[in-house]
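The values are calculated or read from the model by the stated rules, or taken from the named source; none is laboratory data. The structure presented is a predicted model; accordingly, all values stated were derived computationally and were not measured. In this analysis, Cβ positions are derived from the backbone assuming ideal geometry, glycine residues included, and neighbour counts consider all displayed protein chains.
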Amino acid sequence: MKLGMIGLGAMGLPICRRLLANNYEVRAFDLVEKAVQEARESGAEICTSAALAASDVDIVLCSLPNAAIVSGVLREVLATEDLSLKYFIDLSSISPDSARNHAKMTAERGVEYMDCPVSGGVGGAATGTLTVMAGGSDEGFAKVLPVLEAIGKKIYHVGSVGTGSGIKMVNNYLLGCNMAAVAEALVLGAKIGLDLDTMYEIIGSSSGRSFIIENKIPNFIKKRNFEGGFAVDLEHKDLGLAADTAKQLKMPTPMGSTAIQMFETARAKGYGRQDITALLKIWEELMDIEVK
Ligand code: NAD
């Protein structure tokens, strides 16, 4: 079976490779030549536009930076005269509102748009072990499930369109707030003389434990390696999606507001492309201490 894949970045390229490894033929497109080249070397058929990648296929996937770019790609794809497309699977992290708007756009041409954001990062994309949170109809979900199974290990049909993006947004809201809190807490601990191994061991088996404590301390903080991982810029974007959504609902989100300022500070320090654990360095510099 042939699929379209639009966006071959940190997530999109390994996802494309998973599709190829699962015996799908892939028509792929990205704006960046290097990404296109790597997809070609992996066996994808390269197209010169998003519209061409989405032609002659029933299902297209995209993994793009933000909702505005997804909208632009959708407009281009939907302008195609002979549209065979039935399902548009959006793996990007966007707001529930944007997902519902995209679904309205595609419905006019008889295409079902499904928001299917993912969790598990670049490593999960490479190994096909992503968590996928799908929003769309029961029939649509049943149709695209084999494709989602090629890229993910845990696949959830959350509900109607927008719900996949909703749960992803809420999850990443918590991730960002937790990261901001852990950065402060570890530096506070260091200031009172606690070492990192002690904090990892005891908090990791106490009520303050979290993904950040269990995963990020050994893999990033302990190694003083802030490269790769989940970028400050991406988490900053996700906190912004939650802030916009809360504003529409007239709901105060003070934890998120504080966290977003910490991520903005990290971006101002030049840590935008580093892992979210780079937030630790802000507090270390301020308090003149290294957590070790
Ligand atoms: P990325 O910036 O590495 O890749 C995005 C790709 O989209 C780039 O290759 C870019 O050239 C391409 N692109 C931009 N505009 C385009 C257009 N008009 N047509 C075709 N291609 C276009 O980003 P990423 O890290 O791969 O993330 C993709 C999405 O997945 C984002 O929405 C992100 O929030 C989400 N996400 C990322 C991670 C992660 O760990 N990186 C984890 C979960 C979810």
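A compact table of results
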quantity	calculated
Enumeration of residues in the range 244-273 that are small (Gly, Ala, Ser) and closer than 19 Å to residue 183 by Cβ	256, 257, 259, 266, 268, 270, 272
Selected residue [near the ligand (Cβ under 9 Å from one of its atoms), among the β-branched types (Val, Ile, Thr) and either touching a helix residue (DSSP H, G or I) at 6+ places or on another chain (Cβ under 9 Å) or closer than 24 Å to residue 237 by Cβ (or both)] from 89, 59, 94	94
Exclusive hit being touching a residue at least 12 places away in the same chain (Cβ under 8 Å), farther than 21 Å from residue 290 by Cα and either buried (at least 19 other Cβ atoms within 10 Å of the Cβ) or not basic (Lys, Arg) (or both), set 162, 189	162
Selection status of residue 101, more than 9 Å from the ligand (Cβ to nearest atom), on the phi > 0 side of the Ramachandran plot and either part of a helix (DSSP H, G or I) or of a type outside the set (Gly, Ala, Ser) (or both)	no
All positions within the range 1-37 that are within 12 Å of the ligand (Cβ to nearest atom), outside any loop (DSSP other than H, G, I, E, B) and either buried (at least 17 other Cβ atoms within 10 Å of the Cβ) or among the aromatic types (Phe, Trp, Tyr) (or both)	4, 5, 6, 12, 13, 14, 15, 16, 28, 29, 35, 36
Checklist (1) under 18 Å from residue 106 (Cβ atoms); (2) in a strand (DSSP E or B) applied to residue 69, failing item	(2)
Count - residues of the range 129-146 that are under 16 Å from residue 92 (Cβ atoms) and more than 14 Å from the chain's Cα centre (by Cα)	3
Counted residues, the range 237-251 - those being more than 16 Å from the ligand (Cβ to nearest atom) and either among the aliphatic types (A, V, I, L, M) or buried (at least 20 other Cβ atoms within 10 Å of the Cβ) (or both)	3
Residue ranges of helices (runs of 4 or more DSSP H) in the range 142-258 with at least 3 members within 20 Å of residue 131 (Cβ to Cβ) and modelled with pLDDT of 95 or more	163-191, 232-248
Matching option when the condition is in contact (Cβ under 8 Å) with a residue 24 or more places away in the chain, away from the ligand (no atom under 12 Å from the Cβ), assigned to a helix (DSSP H, G or I) and among the polar types (S, T, N, Q), among 80, 106	106
Single residue of the range 38-56 satisfying the filter (small (Gly, Ala, Ser) and in a loop (DSSP other than H, G, I, E, B)) that is farthest from the ligand (Cβ to nearest atom)	43
